[in-house]
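See structure below.
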Amino acid sequence: MTRQFICIDSLQNSLLLYFPICRILKSLADKARLLFFVFKIKANMREEIIGDCRLILSDCREVLPSIGKMDAVVTDPPYGLGDRMQGGTWGSKDKYSKMRLWDQSAPQEAINTLKDIGSHFIIWGGNYFHLPPSRCWLIWDKLNAVKTMSDFEMAWTNLDRTAKRFSHPVGFHAYGHPTEKPLSLMQWCLQQLPEACGTILDPFMGTGTTGVACVKRGQKFTGIEIEPKYFDIACMRIEDAYKQPDMFIEARALPEQLSLSST
Ligand SMILES: C[S@@+](CC[C@H](N)C(=O)[O-])C[C@H]1O[C@@H](n2cnc3c(N)ncnc32)[C@H](O)[C@@H]1O
């Protein structure tokens with residue numbers, strides 16, 4: 001596994017991103033934090049190539065027009081719940097208070113551009129977006145959801161197959177992201193896609209859970225994340241995933257080894 005660092009051009013439109021959100025935010029403190037957040041993105045924009053994964057630290061709206069075609073888009077975008085996930089015993093923690101910055105509204109425009117990029121789609125929180133009717137919704141039944149959180153989450157897909165449910169407790173956010181998805185859930189998502197899907201895009205990568213699932217299945221992954229802290233965690237997780245190949249990858253490599261020993 002190789003790792004390569006590439007510096008890319010900074011965001012051209014970072015201030016265009018600032019002003020619309022700034023109008024929604026009421027307190028001066030929130031506006032100042034947003035300004036800091038926007039400049040932090042501008043200063044840090046970069047790209048890392050780790051094995052078969054391309055990780056981009058950027059606003060996906062800037063990168064998506066030139067990202068190229070992918071077999072599938074598997075993503076967990078902001079649902080626009082930043083203001084709702086506040087207060088209470090856990091809502092006042094730093095990781096939830098920062099959600100107001102990146103989860104202010106559901107990014108419908110970015111979701112619209114995805115249709116020109118992917119062939120197959122799994123979009124968590126699909127019920128927060130304007131998407132066509134679908135036969136195959138995927139449901140994550142959280143089993144242990146608390147009263148103030150949803151009992152289940154829904155992913156919209158364009159797959160021509162029956163709707164499916166995955167039952168798994170919410171668990172512990174091991175990497176400090178307030179909306180981190182369980183790895184087993186994202187592995188299950190990849191299993192729902194046609195076998196031929198070799199290239200996967202997640203434009204709202206967070207801590208890289210989709211990417212780790214791709215590495216474990218031997219699929220090529222492109223991930224985009226706007227927040228440097230989560231981007232760095234994603235890089236670390238994906239590098240670690242390559243160091244710990246699982247049974248699935250070994251099983252795929254087996255036929256090659258057999259043909260070697262028989263020559
Ligand atoms: C729901 S979280 C994804 C969490 C991820 N599934 C995980 O397991 O860590 C959505 C992520 O999208 C990122 N984000 C929000 N707006 C973005 C944008 N315009 N471009 C790229 N990333 C963005 C946020 O920083 C956040 O980490």
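Residues whose amide H falls under 5 Å from that of residue 119, counting only those 5 or more places apart or on a different chain, are 70, 72, 73, with hydrogens built in the peptide plane.
Measuring against 31 Å, Cα to Cα, the residue pairs 142/216; 115/229; 147/216; 26/69 contain 147/216; 26/69 as the ones spanning a longer distance.
The candidates 128, 79, 242, arranged from most to least accessible area with a 1.4 Å probe in the full protein assembly, appear as 128, 242, 79.
Which FRET efficiency value, to the nearest 0.05, is calculated for residue 174 and residue 19 with the Förster distance at 35 angstrom and r the Cβ-Cβ distance? It comes to 0.45.
Accessible area of residue 160 (1.4 Å probe, protein heavy atoms only, ligands and nucleic acids ignored): about 130 Å². The apolar share of the surface of the stretch 46-243, taken as the fraction of accessible area on carbon and sulfur atoms (1.4 Å probe, ligands and nucleic acids excluded), comes to 53 percent. Protection proxy ranking for 207-214, 167-174, 192-199, using the average of other Cβ atoms within 10 Å per residue and placing the highest first: 207-214, 192-199, 167-174. A convex hull fitted around the alpha carbon atoms of the stretch 46-243 yields 113 Å³ per residue. The heavy atoms of residue 164 offer some 80 square angstrom of accessible surface to a 1.4 angstrom probe.
The values are calculated or read from the model by the stated rules, or taken from the named source; none is laboratory data. On a predicted model such as this, the values are computed, not experimentally measured, just so you know. Positions of Cβ are generated from backbone atoms using ideal geometry, with glycine treated the same way; all protein chains shown enter the neighbour counts. Just so you know, the surface numbers come from the protein's heavy atoms only, side chains and all, with ligands and any DNA or RNA stripped out. Shrake-Rupley method; radii C 1.70, N 1.55, O 1.52, S 1.80 Å.
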